[in-house]
Amino acid sequence: MKKILLSIWALALMLTVRADEGMWVPMLIGKNYDEMVRMGLKLSREDLYSINHASLKDAIMQFGGGCTAEMISPEGLLLTNHHCGYSSIAGLSTVEHNYLDNGFWAKSKEQELPVPGLTVIFLQRMEDVTDEVMKFVGSARGEEYNKKFEEIKKTIEKRASKDGKYVASVKEYFNGNQILLLVYKRYTDVRLVGTPPKSLGKFGGDTDNWMWPRHTADFSMFRVYADSNNQPAVYAPSNRPFHPRKFLPVSTAGVKEGDFAMIFGYPGRTNRYEVARGIELALTDVNPSIVEIRDRRLAIMRKHMNADKAVYLNYTSQYASIANYWKYFIGQTEQLKRLHVVEKKQKQEAAFTQWARKNAPEYKDVVSDYEDAYDAYAPYAKHSIYFSEAFRAPALTRLAASLEPLAKALDRGVKDEDSMKRYTTPVKAAYSSLMKGYDRSLDQELFAAMTRMYYDHVAKDQLPSIYSELILKKYGKDEDKAFADYATYVYKNSFLLDSNKFKTFLEKPTSKQLNTDPAVQYAFSFVRNYEQNYAPKVEAFYDRKKELAKQYIKGQMQWKKGKMFYPDANSTMRISYGKVLSYSPQDAVYYEYFTTLDGLMAKYKPGDDEFDVPQQLIDLYKEKDYGRYADKDGKLHTCFITNNDITGGNSGSPVINGKGELIGLAFDGNWEAMSGDIAFDKKYKRTICVDTRFVLFLIDKLGGAKNLIREMDLREE
């Protein structure tokens, strides 16, 4: 086994490097380094990643579990995207103190605002544990493999955590052909330092999302605090600013076409080695279903949010998250079709199969096996999406569904207090989370709409029995009225929405009270129908797909011996590198590599939800007092683009020049390359970045937070 794995990695490090494509593991940067130097990198390998010395990895952190941030001062000051800090900013905001709409700037550390629940993690080291894992799991497959993998994973993580001092995570790379251990430190005292008003931090809204040109000031600032020994600590007024091993100097020199650009970050998920049949199913069933469901959810949320500012503040973060990937799946579908990705994959797979038949017969049936697996899964694909996206959309159904383990325990006769706590504690946590800022009228309308959509779009023979046994039977065949009337009945009669009754129930839960509650009856009908009849089929598909994916990429690496391979993104630290680069998306259209404040003001629409700006910025624009933040052309540059390879999770990632200086923050991708998570397009792929000079200008001139400017190491050359 060891010899086989070594040969795989030898293949992966032979090669012709593609400068702009690839999310590379810092520990395995290999031959990429030479190409990076040729393109303009001035740093050493040790400057990029080192365990024994301070390196760029020590300035980068995963922020809030789903974004990236970077240290920009020796006092724990961090920079990330506005949309990454959005939920924290909204959570701290009230109608009276609306930091989200009005912005916030701490002029001293005493003014910084603690953010409950917000954490950051710093990577300490990476270690290859492939041999240990493979030796333990042996020849196991399917569910047996999953159980053994989880067992050895927990053993390694427990050993590496050193009794909780570190956060350890074992991750699969190359679809399970390589296994790495990642060890982190988690800091939990994180405080809001500064944010521009939402009109700038989210300038362009849904209209400009995933589009270029862009003028969004997508940044926010927080500070990490630690105890007196610079170690992680829960929030306490006595905590001190964290002192990082490394922080990034901030460049005010600007960028020009062709400049080297490197991005460190935590990209979430890509599926670059997906087969044609999987992409085909995404285009016909999966993506359209997600878009349709989210479109309806957003319309309902907008209606209620526009009517009440408090509802707006409570739901705005959730709305933004739903809207982001609503538009993403629209764009992905469009670009996959435009680029004829299915047809290209089919040709590649045919060539691979032909090669395998002659040279490596162990891989000759991989593609056909993949197709068989997808064909077996296809009849349930839409149901799976509707279960996760539609059924689970209302907060009430999620809360009711969380009671299912408790119901099973009661049915088994479990009564003792300690055992009951195992089931009631998660429910209490779910209740606290779901009911925070809850709006009943919004949720009820969502419930009616999602119940109707489920009925309309999931195959009738796959529907839960509650439709035929209760909803349509009791509320009639006038379906528009039936679902609304049923929703009214559920929300009026469920004890889950009465906090006192719910609290009393959890103190002494009974099966009778659960089974007679209309919300619980509804949720259990869906959950049990799915778990008993469809979840086993879906799980079997994913187990089989995992086996085939591991085999397929291993075969690909033997087939394409001269190609540089990189693993799919999996929410672990990666490096991508490329250049600042303009592009032409279609005939007679050319996009410059940067935008300016002039362009932002050209989009300005007074009072508009997406394109309004603060009067203070209008005044600054009229004065043209950009100071040292102006470009050599005399204008204030707002954003720029590079051809770096990024995806979700890279939001907030630092864009770094050849000298290791911060030149921007990655915050989006462009419409013409939204196929990127499945099929990277070298010609059109661009990363949209906010220019650090725009960030500094707003901190200084708009926010008046010169204390933060003084804290950074600004580099003019």
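The values are calculated or read from the model by the stated rules, or taken from the named source; none is laboratory data. What you see is a predicted model, and the numbers here were worked out from it, not measured in a lab. Cβ atoms come from the backbone with ideal geometry, glycine included; neighbour counts cover every protein chain shown.
Return yes or no: is Lys492 farther than 30 Å from Ala276 by Cβ and over 24 Å from the mean Cα position of the chain (by Cα)?
Yes.
For region 648-671, residues that are within 20 Å of the chain's Cα centre (by Cα) and surrounded by 22 or more Cβ atoms within 10 Å (Cβ to Cβ) total 14. In region 586-596, is there at least one residue being touching a helix residue (DSSP H, G or I) at 6+ places or on another chain (Cβ under 7 Å) and touching a residue at least 60 places away in the same chain (Cβ under 8 Å)? No, every residue in region 586-596 fails to be touching a helix residue (DSSP H, G or I) at 6+ places or on another chain (Cβ under 7 Å) and touching a residue at least 60 places away in the same chain (Cβ under 8 Å). In this structure, Ser388 does not satisfy being surrounded by 15 or more Cβ atoms within 10 Å (Cβ to Cβ) and at pLDDT 95 or above. Within region 357-372, being under 36 Å from the mean Cα position of the chain (by Cα) and hydrophobic (A, V, I, L, M, F, W, C) holds for Val366, Val367.
Considering region 621-644 alone, what residues qualify as being more than 30 Å from Ala673 (Cβ to Cβ) and surrounded by fewer than 18 Cβ atoms within 10 Å (Cβ to Cβ)? If you could, list the steps in order and put the result at the bottom.
The initial filter retains those residues of region 621-644 that are more than 30 Å from Ala673 (Cβ to Cβ), namely 621-628, 630, 634.
Matches in region 621-644: Tyr621, Lys622, Glu623, Lys624, Asp625, Gly627, Arg628, Gly634.
Let me confirm something: among Ile89, Ile29, which residue is at pLDDT 95 or above and either on the phi > 0 side of the Ramachandran plot or of a type in the set (Val, Ile, Thr) (or both)? Give the derivation first.
Working: Ile29 fails: at pLDDT 95 or above.
Step by step, each of Ile89, Ile29 is checked, and only Ile89 is at pLDDT 95 or above and either on the phi > 0 side of the Ramachandran plot or of a type in the set (Val, Ile, Thr) (or both).
What about Ala569, is it outside the structural domain of Arg686 (by TED's automatic domain parsing) and over 30 Å from Lys701 (Cα atoms)? Against the criterion (outside the structural domain of Arg686 (by TED's automatic domain parsing) and over 30 Å from Lys701 (Cα atoms)), Ala569 qualifies. Of all residues in region 681-698, which are under 18 Å from the mean Cα position of the chain (by Cα) and hydrophobic (A, V, I, L, M, F, W, C)? Ile688, Cys689, listed by residue number. Of everything in region 527-546 that is within 22 Å of Leu180 (Cα to Cα) and over 22 Å from the mean Cα position of the chain (by Cα), the residue that is modelled with the lowest pLDDT is Asp543.
Would you check which residues across region 72-92 are in a loop (DSSP other than H, G, I, E, B), among the small types (Gly, Ala, Ser) and crowded, with 24+ Cβ neighbours inside 10 Å and list them? Hit for region 72-92 is Gly76, nothing else. Might you let me know whether region 423-430 holds any residue that is surrounded by fewer than 14 Cβ atoms within 10 Å (Cβ to Cβ), free of Cβ contacts under 8 Å to residues at least 12 places away in the same chain and not aromatic (Phe, Trp, Tyr)? Yes; the residues of region 423-430 include at least one that is surrounded by fewer than 14 Cβ atoms within 10 Å (Cβ to Cβ), free of Cβ contacts under 8 Å to residues at least 12 places away in the same chain and not aromatic (Phe, Trp, Tyr). Here Lys503 fulfils each of the conditions (1) surrounded by 13 or more Cβ atoms within 10 Å (Cβ to Cβ); (2) more than 30 Å from Tyr377 (Cα to Cα) apart from (1). Of all residues in region 431-451, those that are touching a residue at least 60 places away in the same chain (Cβ under 8 Å) and of a type in the set (Asp, Glu) total 2. Only one of the numbered conditions (1) surrounded by fewer than 18 Cβ atoms within 10 Å (Cβ to Cβ); (2) more than 28 Å from the chain's Cα centre (by Cα); (3) not small (Gly, Ala, Ser) is not met by Glu150, and that is (2). From the list Ala705, Ala679, Ala673, pick out the single residue that is under 17 Å from Asp625 (Cα atoms) and touching a residue at least 60 places away in the same chain (Cβ under 8 Å). So the residue among Ala705, Ala679, Ala673 that is under 17 Å from Asp625 (Cα atoms) and touching a residue at least 60 places away in the same chain (Cβ under 8 Å) is Ala705. For region 180-203, does any single residue satisfy the condition of being closer than 30 Å to His340 by Cα and at pLDDT 95 or above? Looking for residues that are closer than 30 Å to His340 by Cα and at pLDDT 95 or above, one finds none in region 180-203, hence no.
Conditions (1) over 16 Å from Trp212 (Cα atoms); (2) more than 25 Å from the chain's Cα centre (by Cα); (3) at pLDDT 95 or above, marked per residue:
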site: Leu548; (1), (2), (3): yes, yes, yes
site: Ile553; (1), (2), (3): yes, no, yes
site: Lys563; (1), (2), (3): yes, yes, no
site: Asn570; (1), (2), (3): yes, no, yes
site: Tyr583; (1), (2), (3): no, yes, yes
site: Phe594; (1), (2), (3): no, yes, yes
site: Leu597; (1), (2), (3): no, yes, yes
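Checked against the criterion of being surrounded by fewer than 23 Cβ atoms within 10 Å (Cβ to Cβ), modelled with pLDDT of 95 or more and among the aromatic types (Phe, Trp, Tyr), the candidates Tyr225, Tyr235 yield just one match: Tyr235.
Conditions tested, residue by residue: (1) in contact with an Asp or Glu (Cβ under 6 Å, 6 or more places away or on another chain); (2) assigned by TED's automatic domain parsing to the domain that holds Leu100; (3) among the basic types (Lys, Arg); (4) surrounded by fewer than 19 Cβ atoms within 10 Å (Cβ to Cβ).
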position: Asn287; (1), (2), (3), (4): no, no, no, no
position: Arg294; (1), (2), (3), (4): no, no, yes, no
position: Ala299; (1), (2), (3), (4): no, no, no, yes
position: Thr333; (1), (2), (3), (4): no, no, no, no
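Go through region 70-122 residue by residue and tally those that are free of Cβ contacts under 8 Å to residues at least 12 places away in the same chain and either of a type in the set (A, V, I, L, M) or under 26 Å from Asn209 (Cα atoms) (or both). Residues flagged as free of Cβ contacts under 8 Å to residues at least 12 places away in the same chain and either of a type in the set (A, V, I, L, M) or under 26 Å from Asn209 (Cα atoms) (or both) within region 70-122 amount to 0.
Taking the conditions (1) modelled with pLDDT of 95 or more; (2) within 30 Å of Ser73 (Cα to Cα) in turn, Ala602 satisfies each one other than (2). Filter region 231-251 down to the residues that are under 29 Å from the mean Cα position of the chain (by Cα) and either of a type in the set (S, T, N, Q) or closer than 25 Å to Ile656 by Cα (or both) and list them by number. Of everything in region 231-251, those that are under 29 Å from the mean Cα position of the chain (by Cα) and either of a type in the set (S, T, N, Q) or closer than 25 Å to Ile656 by Cα (or both) turn out to be Gln231, Pro241, Phe242, His243, Pro244, Arg245, Lys246, Phe247, Leu248, Pro249, Val250, Ser251. The condition of being of a type in the set (Lys, Arg) and in contact with a helix residue (DSSP H, G or I) (Cβ under 8 Å, 6 or more places away or on another chain) holds for Arg398. Which ones in region 250-276 are surrounded by fewer than 21 Cβ atoms within 10 Å (Cβ to Cβ) and either in the same structural domain as Gly40 (by TED's automatic domain parsing) or outside any loop (DSSP other than H, G, I, E, B) (or both)? Once the filter is applied, which keeps residues that are surrounded by fewer than 21 Cβ atoms within 10 Å (Cβ to Cβ) and either in the same structural domain as Gly40 (by TED's automatic domain parsing) or outside any loop (DSSP other than H, G, I, E, B) (or both), region 250-276 yields only Arg269.
Among residues of region 144-158 that are part of a helix (DSSP H, G or I), those with a Cβ under 7 angstrom from a residue that is hydroxyl-bearing (Ser, Thr, Tyr), sequence gap 6+ or separate chain, pair up as Glu157/Ser169.
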